[in-house]
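Input: a single structure, listed below in structure tokens.
Laboratory data are not the source of any read-out in this text; all were calculated from the coordinates shown. Because the structure is predicted, anything quoted here is derived from the model rather than measured. Note that each Cβ is placed from the backbone with ideal geometry, even for glycine, and that neighbours are counted across all protein chains shown.
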Amino acid sequence: MSGLMWIVAALVVIAALSWVFRFAGQAVTGNRPYFRDMSYGVAFGFVLGAAILIWVVYTFIKARFILDETAAAPYFFFIFAVEGLIVAGIAAWLFRAAGRLVGTGGTRKLFRSMPLTASFGILVIIIYAILSIFAQVIAPYGQEEVFAAANTLPGTDPMHPLGTDNIGRDLLSRLIYGAQNTVGIAFVTTCLAFLLGGSLGFLAATLGGWLDQLVSRAVDVLMAIPSLIFALLLMTIASAWAGNQGWLLTVYMIVIIAVIDSTRVFRLARAVGINIVVMDYIEAAKLRGEGLGYLIFREILPNAYAPLLAEFGLRFCFVFLTIASLSFLGVGIQPPLADWGTMVRDLAQFINFAAFSPLTAALPLMAAGAIALLTVSVNFVVDWMLQKSSGLKE
Amino acid sequence: MHPVLKIVIQRLFLGLLTLLVVSIVIFIAVNSLPGDFAQAILGQSATPEAVAAIRKDLGLDQPAITRYFTWLGDMVTGNLGISFAQANFASFVGTSAESGSGPVTVLQQIAPRFQNTMFLAGVTAVIAVPLSLLLGILAALFRNSVFDKVANVGALSAVSSPEFFLAYVLILFLAVLNPVLPSLSNIYSDMGFGERLLRTLLPALTLTLMVTAQMMRMTRAAIINLLASPYIEMARLKGLSPMRVIVKHALPNALAPIINVIALNLAYLITGVVVVEVVFVYPGIGQLFVDSVKIRDIPVVQACCLIFAGAYILLNLMADVLSIISNPRLRHPK
């Protein structure tokens, strides 16, 4: 319990310091209104934040420059997190600066009002897109290539910088191919969900009547079942249908998740569509005698573009996380395809080696972190887009 | 009759109807399996006579509608059937004479695990709800400050990461590098409350990280939405402190959306619990569900599915009802 005692002691010291801080502020600035009206809680917050910052900098410098390699091993992840955050910040700032200088007037204007989180998100999405498209070129080996040296630890063999797995496949290559498989499959699934949900939603909004009622009630029922649970139930049945053919199960999974997620897309497309259908220009188009296809593709779709794009980003995240979760549970993307969710599950036990071989323990976190990094980035971008389109300043 | 009571009864009825339709969907899904239960129990090498006998025994020769109502009746009365794994095991050792009550039923399998899952969800809710309310109020109070921005980015990152990533990061820092909490949550029925709580803490913390973000953002947004209203301006002009303005004047009127989002997030826990239970080997209903999915143990899968769906519908219903009750315009109609 000495750890708890230390925390309590630190809090008491901070509480005392924050009183001193406020008093000093009042004395030094000659009782400026900012310090005069500062509540004790705000002062405490400032001192607490400063204390955490000092602790982070102190630990970082100690672990990075002073301690020798074995003593610094427990701090590996701490150092990595701090350096990663700094590098990410610098990269995002540089990317935004570049975007402000290069490009057409429109994109430059976009970059000028962009927060750092959004530019970081766009940068990461671009990197993932390049990785997944050119995985064959970038990865040193094939994803199913088996080497004689199985179970090599990362950092021991220059041929395999991240080591090999239990049957001798290069982990770095599988990590890179994971970008292609996991992201690619999630992307295809999201597109399918949008095709299905979007077209049904617009049709329901335009036609109304019994079609609208029928599809809406069906969607209500499907949405009443939690999606991961429903996906797991359907995967049980799909696995019975697919038998031993792994690729068939993957195809079934794409269809199942696309159908489940299309219900959410349907809701949005219908809601947006109904607001557009009552507009005067739709009435005018109808009076001109335009067909259903023209109405949906030329009149409704261009006006529903912004909310649908934001929904596409969010939906992609949900689909991606569902697929990763299913794979992690062992019923998603099937081997021999390299996939991040499966990798996390297979490598999870290595995390217990963190104290003496940090790089080995980092393996499952790399695959899980690859998933997290992409979804976080997409969310950053979508958050910025929503804030921009809603005109919210706060 | 009071109009609120009327709406609540209406919603309850709708919820029951939804549950009924969901049970039909689950029944259809399970019955679209290739082959049938009898084949599945007996395996590939069964004789046609044996298959026919079991079919008759389980009522599989009846038409689908009859079977559905029998199944529904069984579900309502708590007779969830016998899991395939248990049935096979029992037939292997002969009739389980020593226990005297036949093989373990799905209900007996699920009941203790359901309690464990409820315990986990309860601990999570107890940590997450006050924490997110506090963070949301603070973020609204110090809006656009560094604290607000850090909390916003942190919340967005936490909510969009996969559960297992957060779980392994927590294991790494709190169980492996600094061994404060156990990384495996093996829980027994005869365990003391303190020990049980300690072992539940890490999965509960993971789930807390998942659900806090949305509740916090909603609290902040709901309060900030109100800050432009004239009565808040009035309270400010009276000279009340900012904290008092928010807690006493803004918060009561922001409660409806906040309560709604809290109930929705508790419903989300139902789904999130599956992955987290697998990571921490927590003996809850989610783990049983995943294990049964892998071995295609249909009776357990459909029972778990129905329980999850029921809890989900119930919590959504609660969100609905609570947001109606917390709306004074509906509570006191003209």
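Couple of notes before you dig in:
- By the compact-protein rule of thumb, 2.2 N^0.38 Å, the alpha-carbon radius of gyration of chain B corresponds to a ratio of 1.24.
- Residues listed by number, segment A:355-372, amide nitrogen under 20 Å from A:Asn166 label point at 7 Å toward C-beta: A:360-368
- Spatial offset of segment B:268-334 relative to segment B:150-166 amounts to 22 Å, using the alpha carbon center of each.
- Magnitude of the charge dipole for the protein assembly as shown, about its Cα centre and with charges confined to Cβ atoms of Lys, Arg (+1) and Asp, Glu (-1), is about 2980 debye.
- Positive dipole terminus of segment A:38-168, leading residue within A:Ala139, A:Val102, A:Ala118 (C-beta point charges): A:Val102
- Reported to the nearest whole Å, the Cα centre-to-centre distance from segment A:134-164 to segment A:271-299 is 55.
- Computed FRET value (nearest 0.05) for A:Leu116 with A:Asp157, which takes r as the C-beta separation and R₀ as 35 Å: 0.35
- Helix screen, chain A: DSSP H segments with Cα axial length of 27 Å or more and mean Kyte-Doolittle hydropathy at least -1.0 are A:2-28, A:40-61, A:76-101, A:184-207, A:246-277, A:305-329, A:358-390.
- Taking only the alpha carbons of segment B:221-334, we obtain Rg and Dmax values of 21.1, 67 Å in that order.
- Inter-label distance, A:Asn352 to A:Tyr305: 5.6 nm, where each label sits 7 Å from its Cα along the C-beta direction.
- Between A:Arg298 and A:Ser216, the FRET efficiency from the beta-carbon distance, with R0 = 30 Å, is close to 0.75.
- Taking the protein assembly as shown as the region of interest, the number of lysine pairs whose Cα atoms are within less than 27 Å, with members eight or more places apart or on different chains, is 11.
- From the Kirkwood radius over Cα pairs of the protein assembly as shown, Stokes-Einstein at 37 °C and 0.692 mPa s returns a whole-number translational diffusion coefficient of 114 µm²/s.
- Each listed q (0.09, 0.11 Å⁻¹) maps to a log10 I(q)/I(0) for segment A:171-390 from the Debye sum over equal C-alpha point scatterers, namely -0.45, -0.63.
- Membrane-span-like helices in chain B, defined purely by DSSP H runs whose alpha carbon atoms cover 24 Å or more axially and whose average Kyte-Doolittle hydropathy reaches -1.0, are B:3-31, B:106-141, B:193-226, B:251-280, B:298-325.
- Calculated FRET value between A:Arg108 and B:Arg244, using beta carbons and R₀ = 41 Å, to 0.05: 0.35
- Most mobile of B:Ile28, B:Ile262, B:Ile65 in a GNM of chain B (Cα contacts under 10 Å): B:Ile65
- Extent of segment A:1-66 along its three principal axes (Cα atoms, max minus min coordinate, largest first): 42, 30, 14 Å.
- Compared with the direct C-alpha span, the chain from B:Ile295 to B:Thr66 gains 79.7 nm at full extension, assuming 0.36 nm per residue.
- Cα gyration tensor shape for segment A:29-125, rounded if a/c is under 1.5, else prolate or oblate: oblate
- Take every pair of alpha-carbon atoms less than 8 Å apart whose residues are at least six positions apart; their mean separation over the length of chain B yields a relative contact order of 24 percent.
- Taking each DSSP H run with n ≥ 4 as -39500 (n - 2.57) and averaging over every residue of the protein assembly as shown yields -24000 deg cm²/dmol at 222 nm.
- The chymotrypsin sites (Phe, Trp or Tyr not before Pro) of segment A:336-394 that DSSP puts in a loop, and whose beta carbon has at most 14 other beta carbons within 10 Å, are A:Phe356.
- Highest-MSF residue in chain B out of B:Thr206, B:Thr105, B:Thr66 [GNM, Cα springs under 10 Å]: B:Thr66
- Three principal axis lengths of chain A [C-alpha, angstrom, descending]: 76, 70, 47
- Each semi-axis of the equivalent ellipsoid for segment B:111-294 is √(5λ) with λ an eigenvalue of the Cα gyration tensor; in descending order they amount to 36, 16, 14 Å.
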